[in-house]
2 protein chains.
Amino acid sequence: MNPQKAFQDHYPDVLAHCYGCGRLNEFGHQIKSYWDGDESVCHFLPEARHIAIPGYVYGGLLASLVDCHGTGTAAAAAYRAEGRPMDSDPPLRFLTASLHVDYLKPTPLGIVLEVRGRVKELKGRKVVIEEWLLANGEVTVRGELVAVQVPDKMLEDLIKPGN
Amino acid sequence: MNPQKAFQDHYPDVLAHCYGCGRLNEFGHQIKSYWDGDESVCHFLPEARHIAIPGYVYGGLLASLVDCHGTGTAAAAAYRAEGRPMDSDPPLRFLTASLHVDYLKPTPLGIVLEVRGRVKELKGRKVVIEEWLLANGEVTVRGELVAVQVPDKMLEDLIKPGN
């Protein structure tokens, strides 16, 4: 167990239902991302059902890991840039504007994968995250994600009492 | 029911386990893609669990639809270019080399989505597919996929008796 709280553990409840990263989605992946120096890291063990061709992980799951680890990293980076902890108000959450994934080689199924991220750009409400995924220490996937901060009004509507 | 057989219904059994598009993956999405003139089309109803923020579909599923509809379209296009049906030998299957997804606006959850594709380039063992996803007739996602044909040796090893 990682003694730190994951980025996703700080999301407000109403924003914690995402199939990829929501801690409250009992059917979802519930990924957990952490800082490791200037890089972010997430470990994930795909299930047997997440197969592509025999022996390998299907690309949609890998895209999903890059996506949700990326938006988590974007949020964590935005708090860090403001010099305040992730559980402070107002909450900052990010949506994916664009996602690019290069599948360099097949990713083996049945082992824990490591997704790593690094902030490439942070400007206003936009954050660009560069990512790579390792299987047995080898990079099998590279990704890049452009994340944009959830509009304040949308966030207010979502977190107001009754929701 | 669509009277045509879907692209994915022609995949050899050993290549029909993919979580996104394998007809034999009982836990997966089992998407079905068809020709509609020069475009390919796939309809998919996300489940409640496929949530991002309340009311909207999570991006990883949308990326997965673009991915698997794209590789299916690439295979169908390759057969069409050779002027032979999808159930003829040798089988042609494609893997994703790269995937790009632009999330233009949030995609509403709870309705049938339509994913459409068009061949942008078909050259040798590489096919580029342009895609877009419609929700209530409105384009919410655009994507592009570069697919490469599964190497013959890999395909032979996969489909040889005993596998």
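The values are calculated or read from the model by the stated rules, or taken from the named source; none is laboratory data. These numbers were taken from a predicted model, which means no experiment stands behind them. Neighbour counts are summed over all protein chains in view; Cβ atoms, including those assigned to glycine, are modelled from backbone coordinates with ideal geometry. Ligands, DNA and RNA are excluded from the accessible area calculation, which covers all protein heavy atoms including side chains. Shrake-Rupley method; radii C 1.70, N 1.55, O 1.52, S 1.80 Å.
Key figures for this structure:
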quantity: Normalised contact order of region A:1-109, rounded percent, pairs of Cα under 8 Å and 6 or more residues apart; calculated: 24 percent
quantity: Contact surface A-B: accessible area buried, both sides summed, square angstrom, 1.4 angstrom probe; calculated: 2800 Å²
quantity: Cα-projected label distance for A:Ala81 with B:Val112, points at 7 Å along beta-carbon direction, nm; calculated: 4.2 nm
quantity: Highest-fluctuation residue, A:Gly70, A:Gly59, A:Gly83 considered, GNM on chain A with Cα pairs under 10 Å; calculated: A:Gly83
quantity: Average other protein chain Cβ within 10 Å of Cβ, residues A:16-22; calculated: 6
quantity: Over region A:1-59, relative contact order from alpha-carbon pairs under 8 Å, at least 6 apart, %; calculated: 20 percent
quantity: Taking N as its residue count, the alpha carbon Rg of region A:18-100 over 2.2 N^0.38 Å; calculated: 1.21
quantity: The protein assembly as shown, dipole about Cα centre (Lys/Arg Cβ +1, Asp/Glu Cβ -1), debye to the nearest 20; calculated: 220 debye
quantity: Average other protein chain Cβ within 10 Å of Cβ, residues B:26-37; calculated: 1
quantity: Cβ-derived FRET efficiency at R0 35 Å, A:Trp35 paired with B:Phe27, nearest 0.05; calculated: 0.60
quantity: 30 Å Cα-Cα reach of A:Lys160 towards lysines, excluding residues that sit fewer than 8 places from it in its own chain; calculated: A:Lys5, A:Lys32, A:Lys123, A:Lys126, B:Lys105
quantity: Formal net charge of residues neighbouring B:Arg23 (Cβ-Cβ distance under 15 Å; K, R +1; D, E -1); calculated: 0
quantity: Degrees, to the nearest 10: B:59-82 long Cα axis against longest axis of chain B; calculated: 40 degrees
quantity: Karplus-derived HN-Hα couplings along region A:21-37 (A = 6.51, B = -1.76, C = 1.60, θ = phi - 60°), whole Hz, x at Gly and Pro; calculated: 9, x, 5, 9, 8, 5, 9, x, 7, 6, 5, 10, 10, 9, 6, 9, x
quantity: 222 nm mean residue ellipticity, helices alone, for the protein assembly as shown (DSSP H n ≥ 4; -39,500 (n - 2.57); rounded to 500); calculated: -6500 deg cm²/dmol
quantity: Long-range HN-HN contacts of B:Gly20 with modeled amide H, under 5 Å; calculated: B:His29
quantity: Percent carbon-and-sulfur accessible area, chain A, ignoring ligands, DNA and RNA, probe 1.4 Å; calculated: 52 percent
quantity: Under Karplus coefficients 6.51, -1.76 and 1.60, residue-wise ³J(HN,Hα) of region A:96-105 in Hz, glycine/proline x; calculated: 7, 8, 8, 9, 10, 10, 9, 8, 6, 7
quantity: For residues of A:86-97, the mean tally of beta carbons on other chains within 10 Å; calculated: 2
